[in-house]
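What follows is a set of notes on a single structure, which appears directly below.
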Amino acid sequence: MALLGLSPRTLSEWVRALLRVPLAAKVAGANALIVLAALAAAMLVRRGAPASDSVDTQLLLVVGLALAGSFVVNTALVLLALRPLQALESAAANVARGDFDTRVRPSLLADRNVTQVGGTINLLLNGLAADRARTRQLAAEIVGAGDRERAYIARELHDSVAQTLAALVMQLGAAERDFPAPQLAARFATIKELGAGALEEVRMLAHTMHSPVLDDLGLAAALSHLARQQSHGAELSIVVEAPDAVGAAELPPSIASVLYRIAQEALTNAVRHAHATTVRVSLSTNVRDATLEVEDDGEGFDVAEAYARRPGMGLFTMRERVALLGGRFAITSERGAGTRVFATLPLEEAT
Amino acid sequence: MSKAIIRVVLADDHAVVLAGLRAILSAAPEIAIVGEARNGEEAVALAGQLDPDVLIMDLSMPGVDGAAAAKHISNAGLRTRILILTMHQEEEYLVPMLAAGAVGYLVKSVADRELVDAVRTVSGAELPVRHGPAKAGEMPAVIVDPSRAHAAGWSPRFPSLDDGLIGVWDEWSKAEVSAPVTT
């Protein structure tokens, strides 16, 4: 074996290598070996026998042709029999690539066993697809329920607690004015300060939980408010391009809320981490979808590396939320070349 | 200083807030509360029946909200001047309110100090008492839109923006470019 220029192998390695040869090649090889062996045997027999026996020559020719014919037929049959296995193989390759919509195509050539294997694989794939759809549906419901709950608590804080605190401050102001007592002035001031502080805290908390601007005035107004909020105290300009028509009634709440959150995360990233000086937020809609783009001129980052390090980072969790609504999401960024966040959501799928 | 009575209608869906507003306004003898509404619909009806000088109205109310009620009232050609009193400190709320016909906008958290002056200002009875200048980036407590005021037959004289809490919409919105609002 070493003489043949091959690396030395043990016998068992050769056996394993031979076993791995595709079936069609094995059958063809075996047939060819049989034909060659038969021909060699016939030659040997002829050499020992008296020369120029025409019957022997004819017989030899017939046997040789029959063997060659059998080789061709065998090879063809095996190749045909293996065709359906290729369908299984290509389906498996599609699944490995992540295409779960693929199915094994039924073949007229397949025998019962192969048909059954293909059928079982298709059943499994159907089950997998149903489970994935259910998981996605459940995840969407959980996210939606979470959003609704946050919005509800924020509204309650804003509508009841904050109103009561505002009324408290009003009453304190009126009481102080109606019953002026110099020895109480400092106390009144402290109490009013506490009340006003609590009111401000409740307002901020409600805001952080859910933007009232988004609910009351729609996404365009909420984005412009967000931009003003984020650029406050920072050395950057945020340009918002949003059609005024994108009001509260124009977009389904689930879509408006996800796009708002994406803008929030992208702006936080641009301001806090990328130290951008200019950010462009643009919102566009048509009958089919709503698209949000946030582009900054900041430091940029290695998306794959950041994802590996912090998959729970705000921006990355947005990817899932967009997928839940059947949309597309992309973060393009490079060190020193800014960041672009893109999300587009279909309007008809929203509920 | 005019001592004519300023007739006021209050509209807010929170009873505690109405009580707070009454307590604050009770200090001003020239201000008389002639009616109280618990939603936008009642506010529109009272504005029509009572013909008040000023309607102090919450922005968020169930059913017909402050913006819709303001639109009704200004479309009906009533002379009542609308002062929006709200929890919302975001500029985004202000613009549609002024467009709907409100002449003033006051944030609830400063109502105990500013409400009486705001009512006087909006009614046109008296120029506002001057306060210290607003902090940089802070929305003035009261915002008035002069073009709206003129349309309503009111020619107020405004203190300049630097004078403090009473802001003129045009000037303030321009200043806003360099001094963003905090929320």
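The values are calculated or read from the model by the stated rules, or taken from the named source; none is laboratory data. Keep in mind that what you see is a predicted model, and the values were worked out from it rather than measured. We place every Cβ from the backbone using ideal geometry, glycine too, and count neighbours over all the protein chains shown.
Out of the residues in region A:95-118 that are at negative phi, without any contact (Cβ under 8 Å) to a residue 12 or more places away in the chain and not charged (D, E, K, R), state the one that is surrounded by the most Cβ atoms within 10 Å (Cβ to Cβ).
Here is the first cut: in region A:95-118, the ones at negative phi are A:95-97, A:99-118.
Narrowing further to those that are without any contact (Cβ under 8 Å) to a residue 12 or more places away in the chain: A:96-97, A:99, A:108, A:112-113, A:116.
Next, from what is left, pick out any that are not charged (D, E, K, R): A:96, A:108, A:113, A:116.
Details: A:ALA96: 8, A:LEU108: 6, A:ASN113: 9, A:GLN116: 11.
That would be A:GLN116.
Kindly check whether there is at least one residue in region B:73-85 that is in a loop (DSSP other than H, G, I, E, B), within 23 Å of A:VAL169 (Cα to Cα) and either facing chain A (nearest Cβ under 9 Å) or in contact with a strand residue (DSSP E or B) (Cβ under 9 Å, 6 or more places away or on another chain) (or both). Walk me through it before giving the result.
If we filter region B:73-85 for residues that are in a loop (DSSP other than H, G, I, E, B), which is where we start, we get B:76-80.
From the residues that got through so far, the ones that are within 23 Å of A:VAL169 (Cα to Cα) too are none.
No; the residues of region B:73-85 include none that is in a loop (DSSP other than H, G, I, E, B), within 23 Å of A:VAL169 (Cα to Cα) and either facing chain A (nearest Cβ under 9 Å) or in contact with a strand residue (DSSP E or B) (Cβ under 9 Å, 6 or more places away or on another chain) (or both).
For region B:44-60, residues that are without any contact (Cβ under 8 Å) to a residue 60 or more places away in the chain and either surrounded by fewer than 17 Cβ atoms within 10 Å (Cβ to Cβ) or farther than 21 Å from A:ALA166 by Cα (or both) total 9.
When A:LEU172 is tested against (1) within 19 Å of B:GLY20 (Cα to Cα); (2) out of contact with any Phe, Trp or Tyr (no Cβ under 8 Å at 6 or more places or on another chain), just one condition goes unmet, and that condition is (2). Scanning region A:267-284 for any residue that is in contact with a Phe, Trp or Tyr (Cβ under 9 Å, 6 or more places away or on another chain), in a helix (DSSP H, G or I) and in the same structural domain as A:GLU348 (by TED's automatic domain parsing) turns up at least one such residue. Check region A:228-235 and report whether any residue there is crowded, with 17+ Cβ neighbours inside 10 Å, at pLDDT 85 or above and in contact with a Leu (Cβ under 9 Å, 6 or more places away or on another chain). No: zero hits.
The set of residues in region A:270-299 being touching a residue at least 40 places away in the same chain (Cβ under 8 Å) and polar (S, T, N, Q) consists of A:THR277, A:THR278, A:SER282, A:SER284, A:THR285, A:THR291.
Residues checked against (1) crowded, with 23+ Cβ neighbours inside 10 Å; (2) within 14 Å of chain A (Cβ to nearest Cβ); (3) under 17 Å from the mean Cα position of the chain (by Cα):
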| residue | (1), (2), (3) |
| --- | --- |
| B:LEU18 | no, yes, yes |
| B:SER26 | no, yes, no |
| B:ASP65 | no, yes, yes |
| B:ALA70 | yes, no, yes |
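Here B:GLY40 meets the list (1) more than 22 Å from B:THR121 (Cβ to Cβ); (2) within 12 Å of chain A (Cβ to nearest Cβ); (3) buried (at least 24 other Cβ atoms within 10 Å of the Cβ) almost entirely, failing just condition (2).
Which residue out of A:ARG335, A:ARG319, A:ARG340 is part of a strand (DSSP E or B) and of a type in the set (D, E, K, R)? Full working, then the answer.
Numbers: A:ARG335 fails: part of a strand (DSSP E or B); A:ARG319 fails: part of a strand (DSSP E or B).
One residue alone meets the criteria, A:ARG340.
Does region A:129-147 contain any residue that is among the β-branched types (Val, Ile, Thr) and closer than 30 Å to A:ALA25 by Cα?
Filtering region A:129-147 down to residues among the β-branched types (Val, Ile, Thr) leaves A:135, A:142-143.
If we keep only those that are closer than 30 Å to A:ALA25 by Cα too, we end up with none.
No, every residue in region A:129-147 fails to be among the β-branched types (Val, Ile, Thr) and closer than 30 Å to A:ALA25 by Cα.
Here's the yes/no breakdown for (1) of a type in the set (A, V, I, L, M); (2) in the same structural domain as A:SER254 (by TED's automatic domain parsing); (3) out of contact with any Phe, Trp or Tyr (no Cβ under 6 Å at 6 or more places or on another chain); (4) under 20 Å from B:LYS108 (Cα atoms):
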position: A:GLU156; (1), (2), (3), (4): no, no, yes, yes
position: A:VAL161; (1), (2), (3), (4): yes, no, yes, yes
position: A:GLN183; (1), (2), (3), (4): no, no, yes, no
position: A:PHE188; (1), (2), (3), (4): no, no, yes, yes
position: A:VAL202; (1), (2), (3), (4): yes, no, yes, yes
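Among (1) more than 26 Å from B:LEU59 (Cα to Cα); (2) in contact (Cβ under 8 Å) with a residue 40 or more places away in the chain; (3) small (Gly, Ala, Ser); (4) at the interface with chain B (Cβ under 10 Å from one of its Cβ atoms), where does A:ALA227 come up short? If we test A:ALA227 against (1) more than 26 Å from B:LEU59 (Cα to Cα); (2) in contact (Cβ under 8 Å) with a residue 40 or more places away in the chain; (3) small (Gly, Ala, Ser); (4) at the interface with chain B (Cβ under 10 Å from one of its Cβ atoms), just (1) comes out false. Could you tell me which residue of region A:160-216 is farthest from the other protein chains (Cβ to nearest Cβ), considering only residues that are among the charged types (D, E, K, R) and more than 16 Å from B:HIS88 (Cα to Cα)? Per the stated criteria, the residue is A:ARG187. Against the list (1) surrounded by 23 or more Cβ atoms within 10 Å (Cβ to Cβ); (2) more than 21 Å from B:ALA4 (Cα to Cα); (3) within 14 Å of chain A (Cβ to nearest Cβ), the condition B:TYR105 fails is (3).
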